[in-house]
Amino acid sequence: MLSRQRDAFSTYKRMPSRDHSTVVDDVEENSGLLQNSMDMETTNPSWLLSFPHVVVATIISLLFGYHLGVVNEPLEVISRELGFSGDTLAEGLVVSTCLGGAFIGSLFSGWVADGVGRRRAFQLCALPMIIGAATSATTKTLAGMLIGRFLVGTGMGLGPPVASLYVAEVSPASFRGTYGSFIQIATCLGLMGALFIGIPVKEIAGWWRVCFWVSTIPAGLLVFAMIFCAESPHWLYKKGRSAEAEAEFERLLGGSHVKYAMLELSKLDRGDEADAVSLTELLYGRHFKVVYIGSTLFALQQLSGVANLSGSIIAMLLMDKLGRKLLLLWSFFGMAMSMVLQVAAANTLVSSSGSLYLSVGGMLMFVLTFALGAGPVPGLLLPEIFPNQIRAKAMAFCMSVHWVINFFVGLLFLRLLEQLGPQLLYSIFASVCMMAVAFVKKNVMETKGKSLQEIEIALLPQE
């Protein structure tokens with residue numbers, strides 16, 4: 001704890017004189033409070049207090065995974081019943097229309113989260129998912145299906161950035177990495193659930209409609225359960241509601257840790273001007289570097305080539321022990337090596353059995369290493385490194401980058417595979433992964449065990 005205090009105070013010396021004097025005044029004013037708080041922070045807050053709130057928040061990730069996979073199994077039956085069987089364009093639209101909705105939703109997620117708070121943002125993103133799923137479940141036309149998928153997509157775009165924000169802001173620093181992995185695990189469970197529920201679709205008439213109806217249950221549960229969850233103390237403090245922020249910290253961390261948590265928040269400006277943050281400031285202002293790191297990580301995540309549940313569980317266990325940066329480095333490096341195996345498998349000099357082993361081995365290695373770092377870490381790391389003033393809107397921008405790259409990778413992959421061949425295409429993917437290794441090594445700081453305020457002070461740009 002003492003070393004954390006020394007690290008935090010040493011960063012003040014790197015700050016501009018105007019900010020430095022403000023911090024010194026704050027430190028002098030709160031020196032007695034700080035001394036008392038240091039004894040309270042010798043032990044970490046109990047994980048039991050924040051755990052239920054994080055679990056409820058990850059329902060949106062479960063829904064995200066479910067809706068990504070819900071049409072995969074029933075698509076053939078849906079196309080036949082709605083009259084577009086054999087129309088590959090229409091089938092592609094049913095699958096990908098939700099991506100367009102997700103892009104739109106992600107653009108507005110930051111403004112929604114900052115405007116109405118994290119809890120209400122969860123409830124708002126669940127509503128189009130309920131309406132969209134009901135529309136898809138009851139439609140008799142292709143148009144109705146596309147409208148439903150688009151509405152679901154807007155909720156898919158709104159939800160993940162808010163989940164990442166909320167989990168980062170309500171989690172104790174010592175458990176934030178573990179809790180952040182819950183998002184990836186819930187996404188995997190949602191995908192698996194969609195596949196499992198879709199199994200009877202070819203044997204039971206109309207079962208595909210049940211597949212859509214099922215998703216309204218967790219969405220409704222999210223709306224209801226969020227009534228009882230804590231609001232983000234960071235959002236409350238930013239809005240000038242310090243007493244409420246203190247009460248929520250008590251629910252999340254326990255009474256003995258409240259004073260220290262509030263002192264950490266008081267080290268930073270309240271950021272009342274956050275509502276005025278513009279896209280220009282994100283791209284060209286003093287926060288450009290962290291926005292650049294965040295959006296590039298999401299782009300590299302998509303360009304490097306499907307998460308696996310077992311890998312996500314391993315990541316959960318390692319996130320707060322090895323740290324975010326190390327997991328990212330080894331994850332991207334492992335993905336590069338898996339692409340090398342795919343290149344070798346496509347070599348004509350390799351026997352058919354050897355090619356099969358290399359291809360399957362490379363695929364399994366890719367899935368595992370992606371799930372260890374490149375999958376779960378960016379969604380956790382970004383809300384950690386973004387200052388409180390811009391956190392929600394910067395997450396919205398970075399998630400929109402994610403969806404744009406996601407769309408083009410899905411759109412162009414098969415065509416590039418056909419035009420370039422597997423050896424060249426997988427060599428390009430391997431190169432992107434190695435570029436990601438270099439990018440992470442140069443630009444990403446380790447955030448393991450640090451409070452959000454310590455991270456913000458360390459990354460605070462000079463003015």
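Can you list residue pairs whose Cβ atoms sit under 8 Å apart, with the first residue in region 171-198 being over 11 Å from HIS67 (Cα atoms) and basic (Lys, Arg) and the second being part of a helix (DSSP H, G or I) and open to solvent by 20 Å² or more (accessible area, probe 1.4 Å)? Count only pairs 6 or more apart in sequence or on different chains.
What qualifies is ARG176/ASP320.
Restricted to region 168-184, and to residues that are assigned to a helix (DSSP H, G or I) and of a type in the set (A, V, I, L, M, F, W, C), which residue is surrounded by the fewest Cβ atoms within 10 Å (Cβ to Cβ)?
Taking region 168-184 as the starting set, the residues that turn out to be assigned to a helix (DSSP H, G or I) are 168-170, 176-184.
Filter once more, so that each one left must be of a type in the set (A, V, I, L, M, F, W, C): 168, 170, 182-183.
On the way: ALA168: 27, VAL170: 26, PHE182: 22, ILE183: 25.
Going through the qualifying residues, I end up with PHE182.
In region 185-202, what residues are open to solvent by less than 30 Å² (accessible area, probe 1.4 Å) and part of a helix (DSSP H, G or I)? If you could, list the steps in order and put the result at the bottom.
Keep residues of region 185-202 that are open to solvent by less than 30 Å² (accessible area, probe 1.4 Å), which gives 185-188, 190, 193-194, 198, 201.
Residues satisfying the conditions are ILE185, ALA186, THR187, CYS188, GLY190, GLY193, ALA194, VAL201.
Only one of these conditions is not met by GLY449: (1) in a helix (DSSP H, G or I); (2) over 30 Å from ALA346 (Cβ atoms); (3) not acidic (Asp, Glu). Which number is it?
(1)
So, in region 63-86, how many residues would count as being under 34 Å from the mean Cα position of the chain (by Cα) and part of a helix (DSSP H, G or I)?
Within region 63-86, the first condition is being under 34 Å from the mean Cα position of the chain (by Cα), and the residues that meet it are 63-79.
Applying the additional criterion that residues be part of a helix (DSSP H, G or I) yields 63-69, 75-79.
Number of matching residues: 12.
For region 210-301, which helices (runs of 4 or more DSSP H) that fit wholly inside it have 2 or more residues that are at pLDDT below 70 and more than 20 Å from the chain's Cα centre (by Cα)? Quick ask: steps written out before the conclusion?
Numbers: elements: 216-225, 233-238, 242-253, 258-266, 279-284.
Helices (runs of 4 or more DSSP H) meeting the threshold: 279-284.
From the list SER96, SER106, which residue is of a type in the set (Ser, Thr, Tyr), within 22 Å of PHE182 (Cα to Cα) and either in a helix (DSSP H, G or I) or open to solvent by less than 10 Å² (accessible area, probe 1.4 Å) (or both)?
On the way: SER96 fails: within 22 Å of PHE182 (Cα to Cα).
Of the residues listed, the single one that is of a type in the set (Ser, Thr, Tyr), within 22 Å of PHE182 (Cα to Cα) and either in a helix (DSSP H, G or I) or open to solvent by less than 10 Å² (accessible area, probe 1.4 Å) (or both) is SER106.
Tally the residues that are surrounded by 14 or more Cβ atoms within 10 Å (Cβ to Cβ), within 30 Å of ILE183 (Cβ to Cβ) and among the β-branched types (Val, Ile, Thr), restricting the search to region 347-384.
Number of matching residues: 3.
Suppose we keep only residues that are of a type in the set (Val, Ile, Thr) and open to solvent by 60 Å² or more (accessible area, probe 1.4 Å) within region 203-242. Which one would you say is farthest from MET262 (Cα to Cα)? Reasoning before the result, please.
Taking region 203-242 first, the residues of a type in the set (Val, Ile, Thr) are 204, 210, 214, 216-217, 223, 227.
Filter once more, so that each one left must be open to solvent by 60 Å² or more (accessible area, probe 1.4 Å): 204, 217, 227.
Working: ILE204: 56, ILE217: 37, ILE227: 24 Å.
Among those that are of a type in the set (Val, Ile, Thr) and open to solvent by 60 Å² or more (accessible area, probe 1.4 Å), it is ILE204.
Restricting the search to region 161-204, which residues are touching an Asp or Glu at 6+ places or on another chain (Cβ under 9 Å) and among the aliphatic types (A, V, I, L, M)?
Correct list: ALA168, VAL170, ALA173, ALA194, LEU195, ILE197, ILE199, VAL201.
Restricting to region 18-62, and then to whatever is assigned to a loop (DSSP other than H, G, I, E, B) and either at pLDDT below 50 or of a type in the set (Val, Ile, Thr) (or both), can you tell me which residue is nearest to the chain's Cα centre (by Cα)? Before you say what the answer is, go through the steps one by one.
Here is the first cut: in region 18-62, the ones assigned to a loop (DSSP other than H, G, I, E, B) are 30, 41-46, 58.
After this cut, where a residue has to be either at pLDDT below 50 or of a type in the set (Val, Ile, Thr) (or both) as well, the list is 30, 41-43, 58.
Numbers: ASN30: 35, GLU41: 29, THR42: 30, THR43: 28, THR58: 10 Å.
Of everything passing the filter in region 18-62, THR58 is nearest to the chain's Cα centre (by Cα).
So which of LEU146, LEU165 ends up being among the hydrophobic types (A, V, I, L, M, F, W, C), under 24 Å from MET395 (Cβ atoms) and part of a helix (DSSP H, G or I)? Give the steps one after another, and end with the answer.
Numbers: LEU146 fails: under 24 Å from MET395 (Cβ atoms).
Of the residues listed, the single one that is among the hydrophobic types (A, V, I, L, M, F, W, C), under 24 Å from MET395 (Cβ atoms) and part of a helix (DSSP H, G or I) is LEU165.
State yes or no: is ILE405 surrounded by fewer than 17 Cβ atoms within 10 Å (Cβ to Cβ) and more than 30 Å from PRO45 (Cα to Cα)? Full working, then the answer.
Working: surrounded by fewer than 17 Cβ atoms within 10 Å (Cβ to Cβ): no; more than 30 Å from PRO45 (Cα to Cα): yes.
Against the criterion (surrounded by fewer than 17 Cβ atoms within 10 Å (Cβ to Cβ) and more than 30 Å from PRO45 (Cα to Cα)), ILE405 does not qualify.
Out of region 386-416, which residues are part of a helix (DSSP H, G or I), aliphatic (A, V, I, L, M) and within 19 Å of THR447 (Cα to Cα)? I'd like the intermediate steps shown before the answer.
Of all residues in region 386-416, those part of a helix (DSSP H, G or I) come to 391-416.
Right, trim to aliphatic (A, V, I, L, M) and you get 392, 394-396, 399, 401, 404-405, 409, 411-412, 414, 416.
Of everything in region 386-416, those that are part of a helix (DSSP H, G or I), aliphatic (A, V, I, L, M) and within 19 Å of THR447 (Cα to Cα) turn out to be ALA392, ALA394, MET395.
Take the conditions of a type in the set (Ser, Thr, Tyr) and touching a helix residue (DSSP H, G or I) at 6+ places or on another chain (Cβ under 6 Å) and apply them to SER431. Does it pass?
Working: of a type in the set (Ser, Thr, Tyr): yes; touching a helix residue (DSSP H, G or I) at 6+ places or on another chain (Cβ under 6 Å): no.
Criteria not met by SER431.
The values are calculated or read from the model by the stated rules, or taken from the named source; none is laboratory data. Source: prediction; values computed, not measured. Quick reminder, even Gly has a Cβ in these numbers, built from the backbone with ideal geometry, and neighbours come from all protein chains shown. Heavy atoms of the whole protein, side chains included, go into the accessibility calculation; ligands, DNA and RNA do not. Shrake-Rupley method; radii C 1.70, N 1.55, O 1.52, S 1.80 Å.
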